1. If you take the residues of the range 504-533 that are among the aliphatic types (A, V, I, L, M) and in a loop (DSSP other than H, G, I, E, B), which of them is surrounded by the most Cβ atoms within 10 Å (Cβ to Cβ)?
2. Which one is farthest from Glu618 (Cα to Cα), of the residues in the range 478-498 that are more than 10 Å from ligand 2 (Cβ to nearest atom) and touching an Asp or Glu at 6+ places or on another chain (Cβ under 8 Å)?
3. Looking at Leu76, Leu82 in this structure, which one is buried (at least 21 other Cβ atoms within 10 Å of the Cβ) and either assigned to a loop (DSSP other than H, G, I, E, B) or modelled with pLDDT under 90 (or both)?
4. In the range 626-670, what residues are assigned to a helix (DSSP H, G or I) and touching a Pro at 6+ places or on another chain (Cβ under 8 Å)?
5. From Arg565, Arg557, Arg578, which residue is within 15 Å of ligand 2 (Cβ to nearest atom), surrounded by fewer than 23 Cβ atoms within 10 Å (Cβ to Cβ) and of a type in the set (Lys, Arg)?
6. Please work out which one of (1) of a type in the set (A, V, I, L, M, F, W, C); (2) free of Cβ contacts under 8 Å to residues at least 60 places away in the same chain; (3) within 16 Å of ligand 1 (Cβ to nearest atom); (4) farther than 29 Å from Arg669 by Cβ is the condition Ala511 fails and give its number.
7. Out of all the residues in the range 613-623, is one or more in contact with a Lys or Arg (Cβ under 8 Å, 6 or more places away or on another chain), under 30 Å from Asp655 (Cβ atoms), buried (at least 22 other Cβ atoms within 10 Å of the Cβ) and at pLDDT 95 or above?
Amino acid sequence: MSGSVPLAAPGGAVRDALEDRPFRRLWFSYSLSSLGGWLALLALLSLAFTLSQGHQPFSPEAAVAGVLGAKLAARLLLPALLRLATDRVDSRLVMAVADAVRVALFVSVPLVATVEWVLAVAFLSECAAVARAQATNSALAGLVADNRQDRARRFLHLTPHGTAPLAAAVFAVLAVAGWLLEGLFSPMADVALYANTVAFAAAGVLLWWVPSAARESQESREDEETTQQAEGTRPIPTLRERTRTAVVPAARRWLAWGMLAVFVPGGLLVGAGRVHVSHLGAGDAGFGVLVAAVTTGTALGVFGGSRLLRDVSRERLFGLAAGLAGASLIVVGLVGDMAVAAVFAALTGLGAGLAWSAGTVLLARQSDEEDHERVLDFLHPALRFVLVASAIVAPLLAWPVGDHQVRSGDVGYGLWGTGVVLAGAGLVAHVAAAVCYRRMTRGLQGSLRAEVATVLRGAPAAPPVSTEQLPGTFIVFEGGEGAGKSTQARQLSVWLRDEGFEVVSTREPGATKLGMRLRTLLLERGDTPMSPRAEALLYAADRANHVQSVILPALRRGAIVISDRYVDSTLAYQGAGRELSRAGMERINDWATEELVPHLTVLLDVPPEEGLARNSGEHDRIESESEEFHTQVRAGFRDLAARDPGRYLVLDARDGEAEIFREVRRRVRRILPDPVPRESEAVTGMMPIIDE
Ligand SMILES: Nc1ncnc2c1ncn2[C@@H]1O[C@H](COP(=O)(O)OP(=O)(O)OP(=O)(O)O)[C@@H](O)[C@H]1O
Ligand SMILES: Cc1cn([C@H]2C[C@H](O)[C@@H](COP(=O)(O)O)O2)c(=O)[nH]c1=O
């Protein structure tokens, strides 16, 4: 198996990536090569099965496991070695040679027609595939403009996932064709072998039209690698590089393992598939159908299902989908009918795909941007390994179990080794999913039934995030220009840290990478006019990102978050200042923040002329607004505080810094987590002590 399941839906990346003509050609050639790779895998598995019938010392199960093992060995052992070699040669040449080598290897298989040669070809062709993939990546660096490279690379990564179901379907059709032309092709998988040689040959020929920009000099490539390594953006790191640098934080480790585990059923199915379908009276075509079903189901789950079920909480969706994968695998293992097995194979894939996409959303929620990337960097190669390893294990377990006939009176039931392994693994997966469901949904608001009912009605069901359910504390400073928010926020952070709390000090706009870019857009005084609504939406976009990647993860950890500005700034500046509908502003901000409301908002109230005078530097786009605008903003803030006095502390910002800070501290103390006796802190190790 040369690919893994995608990490996220591609969205608009597909269209954007293909806009580059040179890249389009490279991609097309790579797609054909990847299609050939999948076809070759299925053909080799089938041939190993067919040729090992009655051929000592190989049992069909061992031969199938041998093919997968040879591929895994090539993947694990060779990348570093090949990288050394391919780095010294022109990328196009490496790609062409890799394709030509595979053409020669696959043409030789029907001629030699022994299990031993099938295993050797499995190993050698995988070496060629690894070299091909590495050279494609190097070529991409020389072909695509810098600002498009990430998108192009991401798209390239997704390609094998799209070609897998297609290759399986083509394999099934070719197997039927082989059966119709039985006199010409025996075994039937030979037809698929010839077809994949055509795919590889076409992929190689297409390289002719890939511009020679792909041929960067060794020197420039080395320069580029050094820079990329320094920047941490080196393309497609090897498995070892990724697993070495990707540290999955403890809190996300279980989820990450769970996301990998949901693919075990799919891997088992592919590994046991060829032997299993023979018990169901099917041959190579049946195997193709089974693999097409499971890979198509997975793709549907990853790309479509989660969007369809977007109103079901992801914690529930993860457990339910993993349970579906397990339960479906039990059915595949136990039924004696090929068509039913194919339907449930598709459901096995669908469950895995859905669980994966729910998992990625949960991961993103729990991590900041960098953390999230690191976890994904670990998951991608690990997933590939899990898939191949489980595919190897399935036939190896089925072998000693053996095939049995169970009789009850006149009725006989075939209990096949592969069936027992699939059903047994499905049962384990189902039980694990049930445990997972219970753990992940503990403390979740609302019921599954209510969520399903809301989905059926088409209304959104995701409950707002309530600060009451979060262990952390959220404090916001608001006010007009120069009111002293940053000064007070800084002092409060220092004080709370001294008291032993974990404090996350942040601000709006501009606390995330995206936010910094939005801040520049919003505040620079260019000559590009910005409509009030666009302005409001840009502040909301910054906030949505801020809440998801900074505020919520910190609050979930139990930290105290202190933010310099939040939603009220939009209500005051864009609502009162720009005179946009307050209800409209509330609506977009409720949506952007999942209705996350601070525990306390400190409003520092200052007459605009006084606050603006404190800032001697050049005024930005908003500061340069009229006095009337700033007066309206001030009135907007005061109005908000008057409506919800329980949540606000309004202070006169003309008072001295120390005096203001004393008031802030007095009020903040009231909302801090309960003091914990010293002796119990040693036990829990979680909560700091407040002595005052
Ligand atoms: N209570 C105060 N009295 C007088 N000056 C103050 C007071 N608090 C802060 N300042 C001064 O006012 C200036 C602006 O303070 P600060 O940056 O904290 O305000 P801000 O509200 O965060 O400003 P902005 O909204 O423009 O980012 C600084 O020079 C600061 O030293
Ligand atoms: C969050 C937010 C901010 N603004 C305005 C208010 C200020 O003029 C700037 C931010 O600058 P600061 O020095 O960091 O205070 O942006 C706004 O108009 N709407 C908002 O939602």
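1. Ala511
2. Here the answer is Gln491.
3. Leu82 is the lone residue from the list that is buried (at least 21 other Cβ atoms within 10 Å of the Cβ) and either assigned to a loop (DSSP other than H, G, I, E, B) or modelled with pLDDT under 90 (or both).
4. Answer for the range 626-670, where residues must be assigned to a helix (DSSP H, G or I) and touching a Pro at 6+ places or on another chain (Cβ under 8 Å): Glu627, His630, Thr631, Val633, Arg634.
5. Arg578
6. Going through the list (1) of a type in the set (A, V, I, L, M, F, W, C); (2) free of Cβ contacts under 8 Å to residues at least 60 places away in the same chain; (3) within 16 Å of ligand 1 (Cβ to nearest atom); (4) farther than 29 Å from Arg669 by Cβ, Ala511 breaks only (4).
7. No, the conditions are met nowhere in the range 613-623.
Table: residues versus (1) within 12 Å of ligand 2 (Cβ to nearest atom); (2) over 25 Å from Gly482 (Cβ atoms); (3) at pLDDT 90 or above.
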| site | (1), (2), (3) |
| --- | --- |
| Val597 | no, yes, yes |
| Pro608 | yes, no, yes |
| Gly656 | no, no, yes |
| Phe661 | no, no, yes |
| Val683 | no, yes, no |
| Pro688 | no, yes, no |
| Asp691 | no, yes, no |
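The values are calculated or read from the model by the stated rules, or taken from the named source; none is laboratory data. Since the structure is predicted, the reported quantities are computational estimates derived from the model, not experimental observations. All Cβ positions, even for glycine, are placed from backbone atoms using ideal geometry, and neighbour counts span all protein chains on display.
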